[in-house]
Amino acid sequence: MPGLGADAFTANPLLGADALEPLVAAAAAAGAGVFVLVRTSNPGAADVQDLPAPDAPLHERLARLVEELGDRLAGEGGLSGMGAVVGATEPGHLGRLRELMPRAIFLVPGVGAQGGRPELLGAAFAAGPASALVPASRGIAAADDPAAAAEDLRARVWAVASE
């Protein structure tokens, strides 16, 4: 984004669509992306994000909000710059969230130190490796050979992305 030099940012949707609106507009104007917190990887995520709403858990309502706003940041390849933070520590949610957000790029934290496993992330990927980003830091930075650890993680993630 101009001024920040960022390609994307993370936004908290709990204030509602009207609070996200100016952020989406700014991202569209800058050719940037937005990652909305939908179902995070931290242990306490279930305290709020899994609460029942009238027809589904709150994280599913947040996913629908991401999909509704996604048209404004649609890319040429079928994916949207309106992405979602969807944690790797609860892989059972990934398939349903991908159904609700077929065009969103998933930012999937929680692999490694938090316990998420790349082998369980297949449902996060829609259109190949570009549809999900798996950040990792502690497991790579603390490894005896960080380059080898990064390559191993990349290979494991791309293996499930290509299935």
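No value in this document is a laboratory result; all are computed from the given coordinates. This structure is a prediction, so every number in the text was calculated from the model and none was measured. Please note: Cβ atoms are built from the backbone with ideal geometry, for glycine as well, and neighbour counts cover all protein chains shown.
Structural remarks
- Only a single item in (1) free of Cβ contacts under 8 Å to residues at least 40 places away in the same chain; (2) more than 30 Å from Glu76 (Cα to Cα); (3) buried (at least 16 other Cβ atoms within 10 Å of the Cβ); (4) not acidic (Asp, Glu) is not met by Gly116, and it is number (1).
- Boolean, Ser137 is of a type in the set (Ser, Thr, Tyr) and buried (at least 21 other Cβ atoms within 10 Å of the Cβ): no
- Filter result for Ala88 (over 17 Å from Asp50 (Cβ atoms) and crowded, with 22+ Cβ neighbours inside 10 Å): no
- In the condition set (1) within 20 Å of Gly16 (Cα to Cα); (2) of a type outside the set (Val, Ile, Thr); (3) part of a loop (DSSP other than H, G, I, E, B), Ser41 is compliant with all but (1).
- Within the stretch 26-38, the set of residues being assigned to a helix (DSSP H, G or I) and in contact (Cβ under 8 Å) with a residue 24 or more places away in the chain comprises Ala26, Ala27, Ala28, Ala30.
- Hits in the stretch 16-55 - residues which are among the charged types (D, E, K, R) and within 19 Å of Val134 (Cβ to Cβ): Arg39
- Scanning the stretch 51-85 for residues that are surrounded by 15 or more Cβ atoms within 10 Å (Cβ to Cβ), free of Cβ contacts under 8 Å to residues at least 24 places away in the same chain and charged (D, E, K, R) gives a single hit, Arg61.
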